[in-house]
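Everything on this sheet refers to the single structure shown next.
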Amino acid sequence: ICHRTELYSSVPRTCLPIVYHPDYNITFMGLEKLHPFDAGKWGKVIHFLKEEQFIADGNIVEAREATEEDLLVVHTKRYLNRLKWSMVVATITEIPPLLLLPNFLVQRKVLRPLRTQTGGTIMAGKLAVDRGWAINVGGGFHHCSSDRGGGFCAYADITLAIKFLFERVEGMSRATIIDLDAHQGNGHERDFLDDRRVFIMDMYNRYIYPGDESAKRAIKRKVELDWGTEDSEYLQKVELHSEGALNEVRPDIIVYNAGTDILDGDPLGGLSISPQGIVKRDEIVFRAARRRGIPILMVTSGGYQKKTARIIADSILNLQQQGLIGAEALEGEGSSSLVTSMMCSSGSQHSQTPENQCSCRSASPWSTHQSPKAEKRSVINEPGCTVELYS
């Protein structure tokens with residue numbers, strides 16, 4: 001039985017399905033600089049997109065923080081309770097001085113931003129189904145599973161987005177994760193180890209963290225790269241294997257983990273991909289999705305150099321110029337029946353309708369997308385919440 005959530009509230013068509021909140025950015029007495037991750041890169045991406053006049057404050061979707069109830073869709077209570085210990089958070093985020101801080105500060109300055117990004121990924125999952133595409137400017141915490149965090153990943157946003165879709169959106173029964181971060185995505189792999197509804201393609205540097213052999217058993221299409229892999233070989237493999245993965249199983253949603261730690265010179269990724277190579281990579285994946293009419297959700301994941309924010313922005317602009325996202329990609333499409341005229345801001349006042357809790361899926365904006373026929377098993381009625389179960 002699904003719980004009451006704010007994360008599936010309707011969004012007007014005037015908003016692009018790009019999700020962000022200023023709270024994504026982690027700034028606290030310089031402690032964030034002790035990890036190589038640029039903890040302010042998400043705001044910089046938005047700044048660059050505004051400079052290019054692709055977005056404005058009023059036409060992107062403001063992320064909401066995932067509540068404990070939202071997180072419990074995947075996470076164990078025991079794991080969430082462990083995050084109330086600063087030492088545990090210091091280990092997960094790889095920022096040792098956090099263990100000296102009272103946990104209320106760690107919650108407010110570190111975990112709240114990560115929960116807001118997690119809420120953003122869940123929201124973007126729903127938006128992708130409604131609009132054909134969505135981008136969470138943050139998220140992509142692919143090292144976190146239901147009961148274990150690590151590698152700066154405290155919440156399993158990819159698993160959560162997929163589980164929310166499976167539980168709340170009619171006809172949503174298959175997902176494909178295309179994980180192109182430089183590191184193996186062992187978190188979602190552990191979560192979906194025995195779940196045949198989820199096809200995982202993972203392409204990563206074989207020699208770096210996490211080297212999780214047990215989690216690798218969940219990968220249906222595994223592409224292990226060598227140190228210093230360059231554009232030509234890399235892009236050839238991206239195209240070959242993303243096309244192959246989508247030909248092998250046709251999903252209802254693609255979750256694309258678009259880490260930029262593949263960039264040449266990244267201190268952790270160990271690959272040698274140019275900025276132009278990253279832009280082309282994202283285009284290849286979006287084009288494969290668009291060609292098949294499959295909704296795609298992109299999250300930005302890892303990237304440990306100051307210049308990655310500019311590259312992410314350039315990639316999003318290229319997707320728009322190619323007609324793969326933006327108003328052009330939606331022209332002539334029918335509006336979602338789930339859309340109401342409310343403000344984009346999550347702070348806007350609106351009534352909580354059953355739709356906000358358990359939504360039926362609207363027609364896909366890409367008419368070529370056909371969901372597998374699902375057989376209705378039963379209907380559960382709860383106060384203010386109706387869930388149709390499909391098998």
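The values are calculated or read from the model by the stated rules, or taken from the named source; none is laboratory data. Keep in mind that this is a model prediction, so the values were computed, not measured. Quick reminder, even Gly has a Cβ in these numbers, built from the backbone with ideal geometry, and neighbours come from all protein chains shown. Quick note on the areas: whole protein, heavy atoms, side chains included, nothing else; ligands and nucleic acids left out. Shrake-Rupley method; radii C 1.70, N 1.55, O 1.52, S 1.80 Å.
Go ahead and run the numbers for FRET between Arg206 and Glu243, Cβ-Cβ distance against an R0 of 25 Å, rounding to 0.05. Numbers along the way, then the final one.
On the way: r = 22 Å, r/R0 = 0.88.
After rounding, the FRET efficiency stands at 0.70.
In whole Hz, with x marking every Gly and Pro, tabulate ³J(HN,Hα) for segment 251-267 from phi via Karplus 6.51 cos²θ - 1.76 cosθ + 1.60, θ = phi - 60°.
x, 8, 8, 10, 9, 9, 8, 9, x, 9, 6, 7, 4, 3, x, 4, x
For segment 177-229, which whole percent of the accessible surface, found with a 1.4 angstrom probe, sits on carbon and sulfur atoms?
Numbers: 870 of 2090 Å².
Carbon and sulfur together cover 42 percent of it.
Non-local amide H neighbours of Ile262 (under 5 Å, H modeled in plane, Pro and chain starts lacking H): which ones?
Ala182
What is the Cα centroid distance between segment 84-120 and segment 52-66, reported in whole angstrom?
Their Cα centres are 25 Å away from one another.
Rounded to whole Å and sorted largest first, what semi-axes of the equivalent ellipsoid does the C-alpha gyration tensor of segment 1-128 yield via the square root of 5 times each eigenvalue? Before the final figure, lay out each step's value.
On the way: eigenvalues 149, 91, 16 Å².
Working through the eigenvalues yields semi-axes of 27, 21, 9 Å.
To one decimal place, what orientation-averaged projected area in nm² is obtained for the convex hull of the Cα set of segment 110-232?
If you wrap the Cα atoms of segment 110-232 in a convex hull and average its projections, you get 8.3 nm².
Once you list every other residue whose beta carbon is under 11 Å from the beta carbon of Asp147, what net charge do they have if Lys and Arg are +1 and Asp and Glu are -1? Don't skip to the end; give the middle numbers.
Details: positive: Lys77, Arg78, Arg82, Arg148, Arg190; negative: Asp191.
Here the charged neighbours net out to +4.
How long are the three semi-axes of the equivalent ellipsoid for segment 112-176, computed from the Cα gyration tensor as the root of 5 times each eigenvalue, in whole Å, largest first?
Details: eigenvalues 86, 36, 15 Å².
For segment 112-176, the ellipsoid semi-axes come out as 21, 13, 9 Å.
Please report Rg over Rh for segment 159-223, where both radii come from the alpha carbon positions and Rh follows the Kirkwood definition. Walk me through the numbers before you get to the answer.
Details: Rg = 12.1 Å, Rh = 12.2 Å.
Looking at segment 159-223, the ratio lands at 1.00.
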